[in-house]
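Participant: Here it is: the structure, laid out below.
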There are 6 protein chains.
Amino acid sequence: MKIAIYPGTFDPITNGHIDVLNKASIVFDKIYLAVADHTGKQSMFSLNERVNLCKLSLKDHEKIIVTKFKGLSVDFAMKVGATVMIRGLRAVSDFEYELSLALMNKNLCDELETMFFVPNSKYLYLSSTMIRQVVSLGGKVLDYIPKCVETAIKKKLKGVENE
Amino acid sequence: MKIAIYPGTFDPITNGHIDVLNKASIVFDKIYLAVADHTGKQSMFSLNERVNLCKLSLKDHEKIIVTKFKGLSVDFAMKVGATVMIRGLRAVSDFEYELSLALMNKNLCDELETMFFVPNSKYLYLSSTMIRQVVSLGGKVLDYIPKCVETAIKKKLKGVENE
Amino acid sequence: MKIAIYPGTFDPITNGHIDVLNKASIVFDKIYLAVADHTGKQSMFSLNERVNLCKLSLKDHEKIIVTKFKGLSVDFAMKVGATVMIRGLRAVSDFEYELSLALMNKNLCDELETMFFVPNSKYLYLSSTMIRQVVSLGGKVLDYIPKCVETAIKKKLKGVENE
Amino acid sequence: MKIAIYPGTFDPITNGHIDVLNKASIVFDKIYLAVADHTGKQSMFSLNERVNLCKLSLKDHEKIIVTKFKGLSVDFAMKVGATVMIRGLRAVSDFEYELSLALMNKNLCDELETMFFVPNSKYLYLSSTMIRQVVSLGGKVLDYIPKCVETAIKKKLKGVENE
Amino acid sequence: MKIAIYPGTFDPITNGHIDVLNKASIVFDKIYLAVADHTGKQSMFSLNERVNLCKLSLKDHEKIIVTKFKGLSVDFAMKVGATVMIRGLRAVSDFEYELSLALMNKNLCDELETMFFVPNSKYLYLSSTMIRQVVSLGGKVLDYIPKCVETAIKKKLKGVENE
Amino acid sequence: MKIAIYPGTFDPITNGHIDVLNKASIVFDKIYLAVADHTGKQSMFSLNERVNLCKLSLKDHEKIIVTKFKGLSVDFAMKVGATVMIRGLRAVSDFEYELSLALMNKNLCDELETMFFVPNSKYLYLSSTMIRQVVSLGGKVLDYIPKCVETAIKKKLKGVENE
């Protein structure tokens, strides 16, 4: 059985992430969407909120298991028996960061390979950061996020807790 | 069974290509290394020479089938039942060309996905063009190419036909 | 009256070019689509064929005048009274070339400014080179080129002269 | 009448911004220099200080109206009847961010086009961030900023409020 | 006597930095490794800790003088009689930042030139930021840092002060 | 004595090259400007013409020795006792090519280091290719090339042999 992990902060999950997962589903039997505890910055959604939004958005994907993790993504990959780490590639700036990450991860864990997917051209320059920025200024981004994420953002902006 | 193609001109095959194939072997049951007929430029080796050097370099890889092809790589992929096209990613300039190719191929054939691998840092900036250039000026590149390719290049420079 | 030129080789014109022209039409009263005599490489279509395909593709755009030119684009711009040169921006590699061109043109002619437009995300990585390459290998690219260009390419591949 | 907006944080305005405005003035009848309320980070100057420095620096430009705005720049553009958003392009990293912004803005508001200008080579790598950094370490940057901005920075470093 | 400075935050010093210093040692008689007081962000190690780790890591390099500095690096260079500033170049994103810095420094001090070195391919994508990130998540990076830095990080993570 | 080589095709030499040489002169006692025999493409000037234009342009630089070379630049460097190879860095696309070259050269010859200089912002995007292109279309580029190169190009365009 071919197992992969797809780690990230998913703050929040976008249609670009789902597009990458759909592409990866062709190859893998099981994919752990691994939501990182730490985000390195102030997140819009809490860890549990982020996990729940991923679960809701992907509830019909049988191959995908949404889970949280702590520590290094390579350690989590080993724990669940994954041999591949999936990453989406968008822009050039993205690419260099991903390259350095892939090389570091290879150094940390030789048994794990990184595989990259390019999303649909519609999502090529889409990022969670951009989504948060536009939404916080009142913009509509429904083409770029699942329905449940839209609802969660609206609640969040009104100060309602998402569970 | 998971089948992929790895198309290219392989003029000649380098250790960077072989590194990408090794990484891809983790995921796929069969990989067609597809040597393109056209190279878009004057090639150092003929199509048959390029195919033979790939076969020699990869003779111990059971999952890999070396073959030549004509026309669009997506058409060849469909013919052999591949669902994924494998590509190596090196530098930023590479990345943009690969991105445009992946988007065009997606447009030409919706059932085929492109998957990218980053080679070992040692091969990050390695290209067949660089190999040909250095060798033609008398440089040694043995760390970067299989033994049989080295022999073939030496013969080629002495004007001996490789078969 | 605000006049611009949009110089290029247009070998052949694509929907990406037309998208840029549509965007520029918001600002300018007259736009000279200036087809360069020299292409710096072997062109697929002759100068007259390229001009004719542009005329056919843009026959309903009242603001656009298709014309050929020789020499420097800045000299042509001065001749027709243009104050702005329009350029499309696609990828990063594109950007740097365009940047060096804009700086050189500014040096050659201080009265002319360069203005850049980004095409629709669908055409972001589209180029005439890619079109020629895919078509010559038998691929279909109808989403990316006007109908008349498609017909011309088909004729061209059958060896029929386009007029 | 052709109206454009030129949104930004202008913290502080530099000669690079003014260069872009001069270039854009060739094409537009009215340009709203729109100073964003939010800066996404701790700003050196307050919103009012930033607006005032822009006004002082541009007081002889009849076509330019300095104003502050809140929310999305596309909404502000619609409010003032602008059909074009002006942006300066400096480096490659800049370019990708600007590209993603232009695509998002197109999605948010189909009637607004983004137009890019490249500043004079002298200002190619100039940014407000660099100016703030150098000045805070005691460096002189008079070639890169208007006289009034220089004075304001000096006051600011002495702890005097700018009004 | 040829004197250079190599400024940075060195939080902490990595084998990539040491590789650059080794290369620069071929050309210069004396190199000031200048540890910047300000880091622009929350640093992992204090200024004194950073200086001490540099000293320990480079104690056998006779040409290198480790020192702290405040203010502009160009001013420090002038003070110690350096005519060249040394910088390492890694990725493309790095390159643009370094380019803007070199141009600004040239403007601040015409007598100082910037010289760039590319580290060994093993360290091409190595950064102090990546080191801090991986270590804080429990990863091992011994290939990339001197032994004394490893010890210091371990102490730091246990809450022990490094002196 | 510190010796460097500055290899290239110099077809023709530009003010950007001379700027790089001036910067390098601060550090080195002797610099071999090494004009490559092969250009990899059709050159505008013959090898002897290129050497002569370099000699004329640099006749007052005592530290610089203009010479032609054949084969690998690292071999030439060893022959003349150089420990450093000088290269100019302009744009990002340049940077990646230079990076791959520096890594390959390090592999070919471990005793030689590559050192990069960034030219004055005026010459940042200047290239011999751009010069040839503009001149062949009738443009004036006197700010970018030495007087003797200008004369040589004019002669060349009239069909007169340069010696």
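The values are calculated or read from the model by the stated rules, or taken from the named source; none is laboratory data. Quick caveat, the model's predicted, so the values are computed rather than measured. No Cβ is skipped: glycine too gets one built from the backbone with ideal geometry, and neighbour counts run over all protein chains shown. All accessible areas refer to the heavy atoms of the entire protein, side chains included, with ligands and DNA or RNA removed. Shrake-Rupley method; radii C 1.70, N 1.55, O 1.52, S 1.80 Å.
Participant: What does the charge add up to near B:Phe69, with Lys and Arg as +1, Asp and Glu as -1, over the other residues with Cβ less than 11 Å from its Cβ? Working shown, then result.
Facilitator: Working: positive: B:Lys68, B:Lys70, B:Lys79; negative: B:Asp37, B:Asp75.
My count for the surroundings of B:Phe69 gives +1.
Participant: Something else about it: Near the amide H of F:Gly88, under 5 Å away, which other amide H atoms are found, from residues 5 or more places off or on another chain, if H is placed in the peptide plane?
Facilitator: F:Phe117
Participant: Let me ask something additional. Students often forget the sequence filter, so: which aspartates and glutamates lie under 20 Å Cα-Cα from A:Lys154 once same-chain residues fewer than 8 apart are removed?
Facilitator: Straight-line reach from A:Lys154, under 20 Å: A:Asp11, A:Glu49, A:Asp143, A:Glu163, D:Asp75.
Participant: Can you compute the FRET efficiency between E:His61 and A:Lys158 using 1/(1 + (r/R0)^6), with r the Cβ-Cβ distance and R0 = 60 Å? Round to the nearest 0.05. Let's see the in-between values first.
Facilitator: Working: r = 60 Å, r/R0 = 1.00.
Given R0 = 60 Å and the Cβ-Cβ separation, E is 0.50.
Participant: If you put +1 on each Lys and Arg Cβ and -1 on each Asp and Glu Cβ, how big is the dipole of the protein assembly as shown around its Cα centre, in Debye rounded to 20? Working shown, then result.
Facilitator: Numbers: 132 positive and 108 negative charges, 1 e Å.
Roughly 0 debye for the protein assembly as shown.
Participant: Which angle from 0 to 90°, rounded to the nearest 10, does the C-alpha axis of helix D:15-25 make with the longest principal axis of chain D?
Facilitator: 30
Participant: Three principal axis extents, largest first, for the C-alpha atoms of the protein assembly as shown, in Å?
Facilitator: 71, 70, 69
Participant: Right, next: Across peptide F:110-122, what mean number of C-beta atoms from other chains lies inside 10 Å of a residue's C-beta?
Facilitator: Details: counts 0, 1, 1, 8, 4, 10, 10, 5, 13, 2, 3, 15, 4.
Mean inter-chain Cβ contacts per residue within 10 Å come to 6.
Participant: Check B:Tyr32: other-chain or 5+ apart residues with amide H under 5 Å from its amide H, H built from backbone geometry?
Facilitator: Here B:Ala4, B:Ile5, B:Tyr6, B:Ile65 satisfy the definition.
Participant: Count charges around D:Leu112 for me, please; just the other residues with Cβ under 11 Å from its Cβ, Lys/Arg as +1, Asp/Glu as -1.
Facilitator: Values: positive: C:Lys23, D:Lys106; negative: D:Asp75, D:Asp110, D:Glu111, D:Glu113.
Result for the neighbourhood of D:Leu112: -2.
Participant: If you wrap the stretch A:31-96's Cα atoms in a convex hull and average its projection over all directions, what's the area in nm²?
Facilitator: Numbers: hull surface 22.0 nm².
With every direction weighted equally, the projected area is 5.5 nm².
Participant: Angle between the Cα long axis of helix C:147-157 and the longest principal axis of chain C, 0 to 90 degrees, nearest 10?
Facilitator: With both axes taken from Cα atoms, the answer is about 60 degrees.
Participant: Using protein chains only and a probe of 1.4 angstrom, how many square angstrom of E:Lys59 are accessible, to the nearest 10?
Facilitator: Rounded to the nearest 10, that gives 150 Å².
Participant: For A:Met1 and A:Ser46, compute 0.36 nm times the residue count separating them, minus their Cα-Cα distance, and round to one decimal in nm.
Facilitator: Values: separation 45, 0.36 × 45 = 16.20 nm, distance 3.25 nm.
Gain in length upon complete extension: 13.0 nm.
Participant: Would you mind telling me which residue in C:Gly71, C:Gly88, C:Gly16 has the biggest mean-square fluctuation in a Gaussian network model of chain C, where springs connect alpha carbons within a distance under 10 angstrom?
Facilitator: So, out of C:Gly71, C:Gly88, C:Gly16, the one fluctuating most is C:Gly71.
Participant: Here's something else I'd like to know. So which lysines pass the test for B:Lys156, namely a Cα distance under 24 Å, with those fewer than 8 places away in the same chain ruled out?
Facilitator: B:Lys41, B:Lys55, B:Lys59, B:Lys68, B:Lys140, B:Lys147, F:Lys41, F:Lys70
Participant: Quick one: which residues, 5 or more positions from F:Glu113 or on another chain, have an amide H under 5 Å from its amide H? H modelled 1.01 Å from N in the peptide plane, none for Pro or chain starts.
Facilitator: F:Val84, F:Met85
Participant: Using the alpha-carbon centroid of each, what span in Å lies between the stretch B:104-153 and the stretch D:32-52?
Facilitator: Between the Cα centres of the stretch B:104-153 and the stretch D:32-52 lies a distance of 50 Å.
Participant: Same structure, new question: Run the quick spin-label model on F:Ser136 and F:Ile26: label points 7 Å from Cα toward the beta carbon, then report their separation in nm to one decimal.
Facilitator: The answer from the label model is 3.7 nm.
Participant: Report the charge-dipole magnitude of the stretch F:3-157 in Debye, nearest 20, computed about the Cα centre from +1 at each Lys and Arg Cβ and -1 at each Asp and Glu Cβ. Mind showing how you got there, number by number?
Facilitator: Working: 20 positive and 16 negative charges, 134 e Å.
My answer is approximately 640 debye.
Participant: Have a look at the stretch D:3-157 and give its Rg and Dmax from the Cα atoms, expressed in angstrom.
Facilitator: Taking only Cα atoms of the stretch D:3-157, I get Rg and Dmax of 14.9, 45 Å.
Participant: A further question follows. With axes computed from alpha carbons, what is the tilt in degrees of helix B:47-57 against the longest principal axis of chain B, rounded to the nearest 10 within 0 to 90?
Facilitator: 90
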